Amino acid sequence: MKVTVNDVEVDLAPGTSAIDAVFAAGYDVPYFCSQEYMSPVGACRMCLAKVGAPRKDRDGNWILDDETGERTIFAFPALLATCTSALSEGMVIDTLSEEVKHAQNGMIEFTLINHPLDCPVCDKGGACELQDRSYEYGSGRSRFEFTKRHQEKHHPLSDLITLDRERCIHCKRCVRYFEEVPGDEVLDFIDRGGHTYIGTVEHGLPSNFTGNITDICPVGALLDATSRFRGRNWEYDHTASVSLDDASGSAVVVDARTGRIERIKAGLHPEVNKSWIDDGIRFGHEYTADPERITRPLLRKDGELVEVPWPEAAAFVAERLKEFSGKDVGVCIRADATLEEGVAALALAEHLGTGQVDHAPRYGPTVMPPAQATLQELAVSDAIFVVGDVSEEVPAVDLRIKDALRGVTPPPLLPHGVPIADLRLKERMPRKREILCVAAPYRVDLMRHAGTVARYDVGGEETLFRGLIAIAEGGSADERVLGMTLAAAKAFVDRLRAAKKAVIVTGGFVLSSQAAADAAERFARAVGARQLVLGPMANAYGLEAIGVLPSHARYDYASMVAGGAKALLISNLDPAADPAVAERLAESRLLVVHDMFMTATARLAHVVLPAKSGFEKDGTVVNLEGRFMPVRAAPVDAGEAVDVTGLVRELGLAFGVRIEGRSVRSARRSLRKTLGTDLEELTGLGAFVALPRRRVAVSVAARPGVRGRALRVPTMVRQEYLLRNPHLLATLGGPALRLHPDDARTRALSHDDEVTVRVDGVPRRLRVYVTDAMPSGVVSVPALPDAPAGPADVDLDGIVVERRRLEVA
Amino acid sequence: MSDAVADRPKPIVSRFDPRFEVTLYRHVGVAGSHTLPYYREHGGYEAAKRALTTSPSAVIDEVKTSGLRGRGGAGFPTGIKWSFMPPADERQRFIVCNADESEPGSFKDRYFMEDDPHQVIEGMIIAGFAIGATRGVLYVRGEYYLAYERLREAIAACHAEGILGRGVLGSSFDFDIILHRGAGAYICGEETALMNSFEGLRANPRLKPPFPAQAGVYGLPSTINNVETFASVVHIMAKGGAWYAAMGTDDSKGTKLYQVSGPVARPGVYELPMGATFRELIFDLAGGPTMPAKAFIPGGSSTPMLPWTDETLDLPMDYGSMAKAGTMLGTGGVIVIPEAKCMVDAIYNIVRFYAHESCGKCTPCREGVATWLPKMYQKLLAGLGTREDLVVMEDMVRNMRGTAFCPLADACAMPVQASFKYFRHEYEHLVDHGEPLHARRDWWSA
């Protein structure tokens, strides 16, 4: 419908808010409480405008002005908050008149009377909406001459977020955010009137998505504790990139200052993560500045690893590699390496003449389902079946599922981007719980939002899907196998089949068994659902797609480290954490480790080469929906660290050959041939590139029979770096051994005890976490890159208590 | 045509009209009037019985005929409000009674609930039938403990007698009432804040639209009315909409309760037909002021005051006349302000109330009403004010008018603006001399 903003006429869809019309027309109006992807509430009263609209008479004809013959515009008696006003045909919005300016000025004055104006010491200074708006719309002076409200200046809402209650302007964005987006109501206003403040019932914000409130806070009230007092906004280099923390491909903005990453903020990607990221991504960056980071190549001389220049290290490796015939060499990169790194690894393997090339962690089954769902499709799905714990595995998927539960389709983009006030969104919307079924071997967070909940036995994914297939085919199944009543299962299978946009989401638990993955695929076909497979790491999809895979199952990563390769190049993996593997590796004739830290494997290596973190490299990753997304390097001082392309370049120089993939550009030239797309041209939003579907012909070597009632579970935070992320560590208390209270009692363990326990033979130091989310008799430990999610064998009888919980007398 | 007008009987606009009879408050003050036997002896629940034999649309039409307008303050036509309910579907619907009477100067609903609770319940049954709601929510102000007790007893008695529950009064209509006590926040009188409070949420007003008819209690279709509106419905059903419409003026029909407080001989609640004058209320019924008066507030503390003149006292108390005079009928709570009371102090008293009751949701109310304005009054009353302060106050109040999320900020701004309009000289005297024109005095031990 056509509306007029000042002197500009715009044509927008019915239901659009007036504030979006103002921005679409190219005008500006201040606002603090509206926030994209959240309900408009009209609390800050900044976006007031003079609004008028024509009216119809009783016969449905427009009332016309007698003199001009035009439609008479009837002005609303008071100024309207444009964020909460829907457009009507012929509406006239005035944002420039004296009356409007006076009101905006007055609102700025009201907002500032209790604001401390401590901008010179505020972390938000320079990037503060209140500061900007005060300059643009305020009078520059205050007539308020009384003492301002004094409240707590440093209130730790959690170990990750600090609240300055004096700076808060009560826009309610954070409070609304928790209810509307993750559905975790952990924050609210307390007290009333001028005494209103935000707070929690207890310390801490029990949600996986708390950090987003620091992005949306229009002032410096809510601050990321990892970056507080560490820099001013104009000093930061902002790098728009993609997170390599999980397979979602969430857009992030990496803020670095003087060569150090200080904070991660959410980037905007309307089709992937919208403007939200989980806490694992946001706060899990501190390891990049860890003082123990390896910044120069290390070469073993007289039994000691000593720092050497790159050419010396590369020459040593090149010289030694000549001793081996190709098939004795193994190359393995981590599954969050970029496509370009994958090309480099493949090219190096080809140069060496070996088929022993792989990426890890990798499961046997493919992460590329035949009927691939996208995250946008998930967000509008009408029936969702989830197996596993997506809230921990790929938290972005959890939020898109919650979008579907709200039942509001993603907003169309306007000329100025995402609508500022989407009037379809409301506070406390009813959620369509009935469209969601969550199945897992233990209680997972998403079950709170699910209409149907199933708890099957550990390792029961295959039988679960077989049971569901039987039901879909009109048969029946054992309720113990389904983990829910037969009636519930039947009802949900019917719902999936009747749904037009059904999506089945599976993760590591299903991928860890070929039979389960096959059954899931068959079930999806039986009910006509699309699939979203949560790969184990950021680029598992892409590396599989370009074929960073061994030429035979006996050449895979597990076989390589188990003695299959006499010379090994390993990037960012730590197989030697397993003492049995360490013994073998100690005997290997050449072990080259490319890593950021001195891992158990690096300590055995002949050469250790410094690696870049995921924030420091350029490249491309393919997220779990098959979207190619550009990763951009932040200006971080990583010493002489290189990514795999850099590693290959250095080795190539030493070999005296130009290996393909010796740089990102070189790798992209190679990829252009295979993909038919130039990745140099990829925009920040990424793109879908048609991929030849590759059925993984090579599986991973079966692990020795796991019969334990234990699980390696995916976690939102990267466990391999958890101990080097002090803020996350303080929040989580450490990697958790989760078990049921009854089991804790039987084994005389209490919450917070520190123990060492063997997980599949690997000793792990863990913190006891007693929770009734675990069924009695089942324990879980966090997955690691070298030990991805799936059933595990945990030696509870051999548990050693290292330190008892601190008892307070 | 003119003959027809001439034939139409003159509407009843005075309590002294012989055709007028007290209906709403006929039982108030009678010992034992709150019991069910007393109420039934006096024809109680007959109106509901009759209504239940007709159809919901017939009830709504009758209420539309009566011209009844909401008695909570805003004066929205009740019949039209009821017809806003969406067509019936499988969803639960609610009829909500707003008994959170908290406006200073208003105390009419209290005596309904204390002395005549069954009248309210009967009205809710009729309204519930009209809009197809099988659940009523009676949200009673927390401080009204006796009212709460009496309502609780009344509801229990109704259950025992089959008046509430399955098959109300032998009909096929099921209806039950949930009695809920507030926790002492004025903002809960705002309909959507009341619903939030009832749901156990923070009592912030909600965004409208959606209006309660679309998404009210628990997001379900709801209609909310004031206690007096429900009581009026009983009599409309008993005596017919035409009887009701015979009282009052063109835009304001029926009979209404007016409250008088301040220095008058007989403060209290008086039932008058709409359109009766302030003079009739203040002088004839309340016995006139006991000391010289300079102004009166016509409809509860939020309505702009009027100066004490012959013209204003002769104004008819109806919605239209009040709007024309630049004020509002509100709840009909008239407060007489004596000559000897410092107007600045009197208004500060009102401002303090609204400052305390601001919910803190929106900026002008939280920062203006609840923080800045009371501080300015404190400064003035401490004798530290300046002429510039008055300019600042007027501008601040202008910024509070019509900019806030809900009417609470307006409710605070309007009396302040009116005081500046009529009694600016008192403010000026205070800032020029450092002390008020009318000295502080002890009003209670005199």
> Using alpha-carbon positions, what is the distance between the centroids of segment B:416-439 and segment B:121-169, in Å?
Replying inline: 48
> Cα to Cα, under 17 Å, and not fewer than 8 places away if on the same chain: which lysines meet these conditions relative to A:K101?
Replying inline: A:K50
>> Test of understanding: in a Gaussian network model of chain B with alpha carbons linked when under 10 Å, which of B:G275, B:G320, B:G79 would top the mean-square fluctuation ranking?
In response: B:G320
> How many percent of DSSP beta bridges within chain B run antiparallel, rounded to 5?
Replying inline: 45
> For all pairs of alpha-carbon atoms in chain A, what percent lies in each bin of width 20 Å, listed from the first bin to the last filled one?
Replying inline: 15, 45, 31, 8, 1, 0
> Considering lysine pairs in segment B:8-245 that are 8 or more places apart or on different chains, how many have Cα atoms under 25 Å apart?
Replying inline: 13
>> Using a 4.7 Å cut-off between beta carbons, which cysteines in chain A end up with no partner cysteine at all?
In response: A:C47, A:C83, A:C119, A:C122, A:C128, A:C168, A:C174, A:C217, A:C332, A:C437
> Distance from the Cα centre of segment B:240-299 to that of segment A:295-356, in angstrom?
Replying inline: 96
> When chain B is treated as a GNM, springs tying every alpha-carbon pair under 10 Å, which of B:C342, B:C97, B:C365 comes out with the largest mean-square fluctuation?
Replying inline: B:C342
> If you take the charge dipole of chain A about its Cα centre, with +1 on Lys and Arg Cβ and -1 on Asp and Glu Cβ, which of A:L569, A:Q514, A:V121 is farthest toward its positive end?
Replying inline: A:Q514
>> Restricting to bridges with both residues inside segment B:8-245, how much of the DSSP beta-bridge set is antiparallel, in percent to the nearest 5?
In response: 10
>> So the label point goes 7 Å from the Cα of B:K324 along Cα→C-beta, right? Which residues of segment B:262-282 then have their backbone N under 13 Å from it?
In response: B:275
> A:K500 versus A:L682, label points 7 Å from Cα toward the beta carbon: distance in nm?
Replying inline: 3.3
> Quick one: longest stretch of chain B between exposed loop trypsin sites (Lys or Arg not before Pro), exposed meaning at most 14 other C-beta atoms within 10 Å and loop per DSSP?
Replying inline: B:167-439
> Which residues does a label at B:T290 reach in segment B:260-278, if reach means a backbone N under 11 Å from a point 7 Å past the Cα toward the Cβ?
Replying inline: B:262-267
>> Let's test the formula: R0 of 35 Å, r as the Cβ-Cβ distance of A:E304 and A:R803. What FRET efficiency results, to the nearest 0.05?
In response: 0.60
> In units of 2.2 N^0.38 Å, what is the alpha-carbon radius of gyration of chain B?
Replying inline: 1.00
> Are there chymotrypsin sites (Phe, Trp or Tyr not before Pro) in segment B:61-159 that DSSP puts in a loop and that have at most 14 other Cβ atoms within 10 Å, and which ones?
Replying inline: B:F84
> Under a straight-distance cross-link criterion of Cα-Cα below 21 Å, which lysines are reachable from A:K124, leaving out those fewer than 8 residues away in the same chain?
Replying inline: A:K148, A:K153, A:K172, A:K265
> Which Cα, out of A:I93, A:L729, B:F405, lies furthest along the positive dipole direction of the protein assembly as shown (beta carbon charges, K/R +1, D/E -1)?
Replying inline: A:L729
> Just from its helices, what would the mean residue ellipticity at 222 nm be for chain B, if runs of 4 or more DSSP H residues each count -39500 (n - 2.57) and the sum is divided by every residue, rounded to the nearest 500 deg cm²/dmol?
Replying inline: -12000 deg cm²/dmol
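Given the rule -39500 (n - 2.57) for each run of at least 4 DSSP H residues, summed and divided by the residues of chain A, what is its mean residue ellipticity at 222 nm, to the nearest 500 deg cm²/dmol?
So the calculated ellipticity at 222 nm is -7000 deg cm²/dmol.
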>> Treating only the Cβ of Lys, Arg, Asp and Glu as charged (+1, +1, -1, -1), what charge dipole size does the protein assembly as shown show about its Cα centre? Round to the nearest 20 debye.
In response: 1420
>> Charges at C-beta only: +1 for Lys and Arg, -1 for Asp and Glu. How large is the resulting dipole of segment B:1-108 about its Cα centre, in Debye rounded to 20?
In response: 80
> If you place +1 on the Cβ of every Lys and Arg and -1 on the Cβ of every Asp and Glu, how big does the dipole about the Cα centre of segment A:704-803 come out, in debye to the nearest 20?
Replying inline: 160
> How high is the FRET efficiency from B:E21 to B:R279, r the C-beta distance, R0 22 Å, rounded to 0.05?
Replying inline: 0.55
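Counting other Cβ atoms within 10 Å, keep those with at most 12, restrict to DSSP loop, and tell me which GluC sites (Glu not before Pro) in segment A:456-558 are left.
Answer in residue order: A:E473.
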>> Cut-off 10 angstrom, C-alpha nodes, Gaussian network model of chain B. Which of B:D174, B:D89, B:D389 fluctuates the most?
In response: B:D89
> How far, in degrees from 0 to 90, does helix A:395-406 lean away from the longest principal axis of the Cα atoms of chain A, to the nearest 10?
Replying inline: 40
> Which of the GluC sites (Glu not before Pro) found in segment B:36-139 are loop residues per DSSP with 13 or fewer other Cβ atoms within 10 Å of their Cβ?
Replying inline: B:E90
> Cα extents of segment A:148-289 along the three principal axes, largest first, in whole Å?
Replying inline: 43, 32, 24
> When DSSP beta bridges are limited to those with both residues in the protein assembly as shown, what percentage is antiparallel, rounded to the nearest 5?
Replying inline: 55
> Out of A:N208, A:A789, A:L12, whose Cα points farthest toward the positive end of the dipole of chain A (charges: +1 Lys, Arg; -1 Asp, Glu; placed on Cβ)?
Replying inline: A:A789
> What is the spin-label model distance, in nm, from A:R603 to B:S57 if the labels are put 7 Å beyond Cα along the C-beta direction?
Replying inline: 8.6
>> Give me, ordered by chain and number, the residues 5 or more places off A:T366 or on other chains with an amide H under 5 Å from its own placed amide H.
In response: A:V696
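Every number here is computed from the coordinates shown, using simple stated rules; none is lab data. Fair warning: this is a prediction, and the values are worked out from it, not measured in the lab. Because the Cβ atoms are built from the backbone with ideal geometry, glycine has one as well, and the counts that use them run over all protein chains shown.
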